[in-house]
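Enquirer: Here it is, the structure, as structure tokens.
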Amino acid sequence: MATQPQTIDCQVHCYAANTPERPWRNHLEGPDEVTGDDMVAAMDAVSVDGAILISPFSLYGYDPSYILGVYDQHPGKFGLVRPFDPNSESIDQDVDEWTSTPGVVGCRIMLANQDYEADHPGLNAIFAACARVGVPVNVMAAGKLPLLAELARRNPDTSVIIDHVGLAQPFVPPPPAEPFADLPNVLAAAELDNVVIKISGACTLSHQPFPYADIWEPLGRIFDAYGLDRCLWGTDWTRAVRLLTYEQGVESFRVTDRLTDSDRATLMGGTLARVYNWTPS
């Protein structure tokens, strides 16, 4: 009997409440707390089999200890990614230590809202270290896609994942007036063979209610440029909580007639499993 393809979310977040014992660095739009149990319950309710769990930079900086605890409680549900500091003096050691940790599937760099150049030694060291250990580097690159493209060119052996369609996305309504204004830079990055793209949080860019009909023409251009075998669906839960429910973020990709069943299987899990070399168990 044929088995159903797994549905895997390419980006979710879990975090503890803001307390003196585990203080937040900054504010994050969303619930006061999202435990691993909360995230698993939301996923189970809509038949999402697993997810890439990314330590929230705005709350914890470069400290991944909370998501490590979540993984210990739910080891079959999550692959782990944490941000890395390009100004660290121990990047190789840090990457080696992180990627030898059970459940780890990748690293992350925050380019958005930062001032870096393509020859930054630390950025290139992270790219090189990820290539050496064989994990992808996830890059938050909204507004910095030309820089991301140049880094990918300089590091052709590194698997590079563009976060969140490569676009600035809202935390609260309304979406930007022209949410796909930077689409030319998104499409240009598709020319690089070592770059794939997360179709994560895309529903937050819509000016229409569920199932968000106005996102499908620009998303279709991205699918055409990259190919679905270089696109990974995800929700960016819980950043999107003020704009839509988790169920809507999942079901909008299930009900659209823009995707065939085969397309869905690739976009909503197949590409992710290959790029991260991970599936939930």
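Enquirer: Run down Asp49, Asp32, Asp63 and say which single residue is within 29 Å of Gln114 (Cβ to Cβ), touching a strand residue (DSSP E or B) at 6+ places or on another chain (Cβ under 9 Å) and either modelled with pLDDT under 95 or not β-branched (Val, Ile, Thr) (or both).
Expert: Answer to the check: Asp63.
Enquirer: Just to check your reading of the model, which residue among Phe210, Phe171, Phe180 is touching a residue at least 12 places away in the same chain (Cβ under 8 Å) and over 20 Å from the mean Cα position of the chain (by Cα)?
Expert: Phe210
Enquirer: Next question, about the same structure. Sort through Glu247, Glu217 and tell me the only one that's without any contact (Cβ under 8 Å) to a residue 12 or more places away in the chain and either assigned to a helix (DSSP H, G or I) or of a type in the set (Lys, Arg) (or both).
Expert: Within the list Glu247, Glu217, the selection yields Glu217.
Enquirer: Looking at segment 212-234, can you tell me whether even one residue there is open to solvent by less than 10 Å² (accessible area, probe 1.4 Å) and closer than 21 Å to Ala41 by Cβ?
Expert: Yes.
Enquirer: Among (1) under 27 Å from Ser65 (Cβ atoms); (2) acidic (Asp, Glu); (3) out of contact with any Phe, Trp or Tyr (no Cβ under 6 Å at 6 or more places or on another chain), there is one condition Asp85 misses while meeting the rest; what is its number?
Expert: The single condition Asp85 does not satisfy is (3).
Enquirer: Then there is this: Being open to solvent by 30 Å² or more (accessible area, probe 1.4 Å) and out of contact with any Pro (no Cβ under 8 Å at 6 or more places or on another chain), is that true of even one residue in segment 48-55?
Expert: Looking for residues that are open to solvent by 30 Å² or more (accessible area, probe 1.4 Å) and out of contact with any Pro (no Cβ under 8 Å at 6 or more places or on another chain), one finds none in segment 48-55, hence no.
Enquirer: Could you list, in sequence order, all residues of segment 250-262 that are within 13 Å of Leu228 (Cβ to Cβ), touching a residue at least 12 places away in the same chain (Cβ under 8 Å) and open to solvent by less than 40 Å² (accessible area, probe 1.4 Å)? Outline the logic, then answer.
Expert: Taking segment 250-262 first, the residues within 13 Å of Leu228 (Cβ to Cβ) are 253, 258-262.
Subset that is touching a residue at least 12 places away in the same chain (Cβ under 8 Å): 253, 258.
Within segment 250-262, Phe253 is the sole residue that qualifies.
The values are calculated or read from the model by the stated rules, or taken from the named source; none is laboratory data. Being a predicted model, the structure only gives us computed values, none of them experimental. No Cβ is skipped: glycine too gets one built from the backbone with ideal geometry, and neighbour counts run over all protein chains shown. These accessible areas exclude ligands, DNA and RNA; they are computed on the full protein's heavy atoms, side chains included. Shrake-Rupley method; radii C 1.70, N 1.55, O 1.52, S 1.80 Å.
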